[in-house]
Amino acid sequence: MTTRYAACSCEQLRLVVEGDPVRVSICHCLACQRRTGSVFGVQARFDVEQVRTEGRYSEYLRVSDNCEARIFHFCPECGSTVFYRIPSAAELIAVPVGAVAEQT
């Protein structure tokens, strides 16, 4: 089974993810552009049971262009978003692909 690691910029907030994602997607809405500083946001979604969090995080609730809530979890030290949840898909955790790094 594949183990993936994700972390914020200062590595205070980390995720350990076991297995493959359920879904990988991209978004180009203005909010994702602002969040990433790019023209796209790319994220991998995993079942909740696949993900373990380590460290502290703060939450920010944003409503999408389609009026759907998103709860972003970010490091209170460096501000990096490491994962987010969608209440209508409570069984999943979305991880921005840019937060995923190889363990060395």
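Among residues belonging to region 51-83 that are exposed (fewer than 12 other Cβ atoms within 10 Å of the Cβ) and among the aliphatic types (A, V, I, L, M), point out the one that is farthest from Val16 (Cα to Cα).
Applying the filter and picking the extreme gives Val63.
If the Cβ limit is 9 Å and pairs must be 6+ apart or interchain, which residue in region 50-62 that is within 23 Å of Cys29 (Cβ to Cβ) and touching a residue at least 60 places away in the same chain (Cβ under 8 Å) pairs with which residue that is assigned to a strand (DSSP E or B) and among the small types (Gly, Ala, Ser)?
Hits for this filter: zero, empty list.
Out of Val48, Val22, I need the residue that is modelled with pLDDT of 95 or more and open to solvent by 60 Å² or more (accessible area, probe 1.4 Å). Which one?
Of the residues listed, the single one that is modelled with pLDDT of 95 or more and open to solvent by 60 Å² or more (accessible area, probe 1.4 Å) is Val22.
Can you name the residue in region 91-104 that is touching a residue at least 12 places away in the same chain (Cβ under 8 Å) and part of a loop (DSSP other than H, G, I, E, B) and, of all such residues, is farthest from the chain's Cα centre (by Cα)?
Checking each candidate, the answer is Gln103.
The values are calculated or read from the model by the stated rules, or taken from the named source; none is laboratory data. Since the model is a prediction, treat every value here as computed from it, not as a measurement. Positions of Cβ are backbone-derived with ideal geometry, glycine not excepted, and every protein chain shown enters the neighbour counts. Only protein heavy atoms, including side chains, enter the accessible area calculation; ligands, DNA and RNA are left aside. Shrake-Rupley method; radii C 1.70, N 1.55, O 1.52, S 1.80 Å.
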